[in-house]
1. In whole Hz and in residue order, list the ³J(HN,Hα) couplings for the stretch 153-169 that follow from phi through the Karplus curve 6.51 cos²θ - 1.76 cosθ + 1.60, θ = phi - 60°; x for Gly and Pro.
2. Just from its helices, what would the mean residue ellipticity at 222 nm be for the chain, if runs of 4 or more DSSP H residues each count -39500 (n - 2.57) and the sum is divided by every residue, rounded to the nearest 500 deg cm²/dmol?
3. Quick one: give the max-minus-min coordinate of the C-alpha atoms of the chain along each principal axis, largest first, in Å.
4. How much of the accessible area of the stretch 99-170, probe 1.4 Å, is carbon plus sulfur, in whole percent?
5. Find, to one decimal place in angstroms, the Kirkwood hydrodynamic radius of the stretch 53-131, where the mean of 1/r is taken over every pair of different Cα atoms and then inverted.
6. Find how many whole Å separate the alpha carbon centroid of the stretch 1-56 from the alpha carbon centroid of the stretch 86-116.
7. Leaving out ligands and nucleic acids, and using a 1.4 Å probe, what accessible area per residue does the chain come to in Å²?
Amino acid sequence: MVVAETERLLITKFSLEDAPFFIELVNTPKFIKYIGNRKVKTIEQAQERITNGHLKNYAELGYGFYKLLLKSENNKPIGTNGLTKRDTLELPDIGFAMLPEYENKGFGYESSIAVLKLAKNTYKLKKIGAITLEHNVNSIKLLEKLGLTYEKKVKPFEDDAELLLFVKNL
């Protein structure tokens, strides 16, 4: 199901059929380095993560993480962008990841603009957050380009790693 469209991308909901792409995406070196090792190696594990994460969020929140399809390559899945609401953070937050060959080509910015419009106009969110590691310079640059500003350091996960929290009023 298409939730948004940009010049180059279709932004769609994940489905269980996306398990092979999900495995590929979450096992890229930068995903593991900057987002974390999800330990998803099998179709069954991927389908479980999609069911208990993406599909659950669509049903409960109305939004979630979406699949990015590149129009010029027959709607090939190239990454993800979307929103989640974590119990450990007061704001819904935006997040994104691309397959390595599609990084640094503007897809993160292009898809984030569409997701922020959805957040404001469709989901009626008033404020959005984003979290990232302090050494994830590319992510920080993108968040700042999107108009998010650094607010404070937070520790939202059990691993006790400090993350930077950025926020934006919509």
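The values are calculated or read from the model by the stated rules, or taken from the named source; none is laboratory data. The structure displayed is predicted, hence computed values, not measured ones. Remember, those area values only see protein heavy atoms, side chains included, never the ligands or the DNA or RNA. Shrake-Rupley method; radii C 1.70, N 1.55, O 1.52, S 1.80 Å.
1. Each residue of the stretch 153-169 in turn: 8, 9, 10, x, 10, 5, 6, 6, 6, 7, 10, 8, 9, 10, 9, 8, 7 Hz.
2. The helix contribution divided over the chain gives -7500 deg cm²/dmol.
3. Over the chain, Cα extents along the principal axes are 39, 34, 32 Å.
4. In the stretch 99-170, the share of accessible area belonging to carbon and sulfur is 49 percent.
5. Hydrodynamic radius (Kirkwood, Cα pairs) of the stretch 53-131 is 13.1 Å.
6. Distance between centres, Cα-based: 13 Å.
7. About 53 Å² of surface per residue is accessible.
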